[in-house]
Amino acid sequence: MTKLKNDTLLRALLRQPTEYTPVWMMRQAGRYLPEYNKTRARAGDFLSLCKNPDLATEVTMQPLERYSLDAAILFSDILTIPDAMGLGLYFAEGEGPKFERPLREERDIRSLTIPDPSRDLSYVMNAVSQIRKTLDNQVPLIGFSGSPFTLACYMVEGRGGTDFRQIKTMLYTRPELLHHILNVTAQSVVNYLNAQIESGAQAVMIFDTWGGILSHYNYQEFSLQYMKQILSGLRREQNGARIPNVIFTKGGGLWLENIAESGCDALGLDWTINIAEARNRVGDKVALQGNLDPAILFSTPKIIATEVEKILKDYGNGNGHIFNLGHGISQFTPPENALALIESVHSLSKKYH
Ligand code: CP3
């Protein structure tokens with residue numbers, strides 16, 4: 001078994017004692033870093049960057065070279081699974097993700113197949129093992145996937161930035177079709193995350209970016225249920241080490257108790273909820289990850305430190321907090337403000353441990 005030089009993140013995810021609060025940032029490798037934009041230009045486009053394990057490793061490492069982050073996250077995208085299912089993912093410049101063949105017809109939905117990660121997503125597994133080698137046990141590597149519902153939103157809508165009219169129409173008029181998509185996708189995610197774990201991912205996170213658009217009646221049935229299915233199929237150990245998991249439903253503040261009972265180790269919070277209240281509501285069931293408003297990174301190092309202190313103080317003493325943003329870092333963030341965030345979390349959190 002390999003010994004990590006800094007395993008603070010893994011301990012915090014398992015609610016074990018740590019010396020300070022670990023921190024990483026969603027989308028920490030990305031367009032706010034000039035070195036990322038250079039590598040991306042060399043790759044040609046975002047998807048080619050994801051599909052080239054050398055370059056994916058290079059950009060994964062970039063934020064770690066600048067900042068003393070407590071984790072690396074695989075550089076990839078949640079839409080690799082629908083791409084491997086044959087939907088034809090592409091990124092139109094400045095317009096976000098799109099699919100050439102969105103899922104609308106019953107015939108196409110019924111013929112969806114579960115990708116084989118070692119064949120259809122080998123570029124992701126190669127990136128994971130190469131990143132692990134390059135990291136040389138400095139900090140743990142987080143693997144990830146989208147939630148079935150979030151993936152289905154893109155698969156049915158065919159693109160991001162919509163009003164979710166297509167998927168909601170399907171949900172209310174042909175729920176059995178949507179359930180079929182979600183079932184096949186959930187099984188695909190289990191295989192995908194387990195393959196990432198076998199290739200070297202030391203923790204995994206499920207991004208449920210769109211679960212929060214569901215009604216109270218539908219969240220459990222169309223999103224949480226399938227994340228539970230994934231959790232029950234997930235490898236919990238690899239080479240004798242626990243592999244903790246995180247579930248993040250953006251806009252899921254109303255359903256924290258239900259999410260905490262799903263069998264997850266940690267729960268991601270967006271910035272709309274007070275972390276003290278969240279901790280009260282979930283008790284000692286799960287660790288909490290979050291939850292600074294990413295827009296605070298447009299301010300100044302001094303304001304950032306004040307806002308960091310508020311969250312640390314609200315979480316309070318003890319274990320089980322992983323500091324993060326409430327959603328991905330914006331491409332317009334000044335890199336020195338990300339530095340201020342990470343240094344503030346490290347220096348201000350010691351007194352709570
Ligand atoms: O956190 C990390 O550093 C790992 C990398 C990562 C990316 N996407 C890289 C990326 C992760 C974890 C994701 C997940 C992802 N992808 C989610 C869930 C998290 C979230 O943000 O809610 C979603 C919904 C996607 C789908 C997706 N990919 C969208 C909507 C976009 C366009 C966003 C935008 O800002 O334009 C992407 C592209 C994408 N994924 C970029 C990056 C760095 C920007 C691509 C570029 O370089 O042009």
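Residue 35 sits among other residues whose Cβ lies under 13 Å from its own Cβ, and their net charge, with Lys and Arg +1 and Asp and Glu -1, is +3. Helical runs assigned H by DSSP (4 residues or longer) give the chain a calculated mean residue ellipticity at 222 nm of -13000 deg cm²/dmol, each run adding -39500 (n - 2.57) before division by the residue total. Of the solvent-accessible surface of region 8-352, computed with a 1.4 Å probe and all protein chains present, 49% belongs to carbon and sulfur. Stretching the chain fully between residue 276 and residue 65 yields a gain of 72.7 nm (0.36 nm per residue, less the alpha carbon separation). Tell me the net charge near residue 166. Cut-off is 13 Å between Cβ atoms, residue 166 excluded, with +1 for each Lys or Arg and -1 for each Asp or Glu. Summing Lys/Arg as +1 and Asp/Glu as -1 gives +2.
Tell me the angle of helix 175-199 to the major Cα principal axis of the chain, expressed in degrees between 0 and 90 and rounded to the nearest ten. Its long axis makes an angle of about 50 degrees.
When both bridge partners sit in the chain, DSSP labels roughly 25% of those beta bridges antiparallel. Each Cα pair under 8 Å and six or more residues apart adds its separation to the average, and for the chain the resulting relative contact order is 22 percent. With viscosity 0.890 mPa s and temperature 25 °C, the Kirkwood radius over alpha carbon pairs of the chain converts through Stokes-Einstein to a diffusion coefficient of 120 µm²/s.
Between residue 136 and residue 303, the distance separating the two model label sites (each 7 Å from Cα on the Cα→Cβ line) works out to 4.0 nm.
Could you check what % of the DSSP bridge pairs in region 91-221 are antiparallel, to the nearest 5? Among the beta bridges of region 91-221, antiparallel pairing accounts for roughly 40 percent.
Ranked by the mean number of other Cβ atoms within 10 Å of their residues, highest first, the peptides 107-117, 17-27 come out as 17-27, 107-117. Here the label points at residue 46 and residue 92, each 7 Å from Cα along the C-beta direction, are separated by 1.4 nm in the simple model.
When each of the peptides 28-41, 272-285 is scored by the mean number of other C-beta atoms lying within 10 Å of its residues, the order from highest to lowest reads 28-41, 272-285.
With each label modelled as a point 7 angstrom along the Cα→C-beta vector, the residue 107-residue 6 pair spans 5.5 nm. Accessible surface calculations at 1.4 Å, restricted to protein heavy atoms, place region 232-353 at 42 Å² per residue.
The values are calculated or read from the model by the stated rules, or taken from the named source; none is laboratory data. Keep in mind it's a predicted model, so treat the numbers as computed, not measured. With ideal geometry, Cβ positions are generated from the backbone for all residues, glycine too; neighbour counts draw on all protein chains shown. Keep in mind that these areas ignore ligands, DNA and RNA; they rest on the heavy atoms of the full protein, side chains included. Shrake-Rupley method; radii C 1.70, N 1.55, O 1.52, S 1.80 Å.
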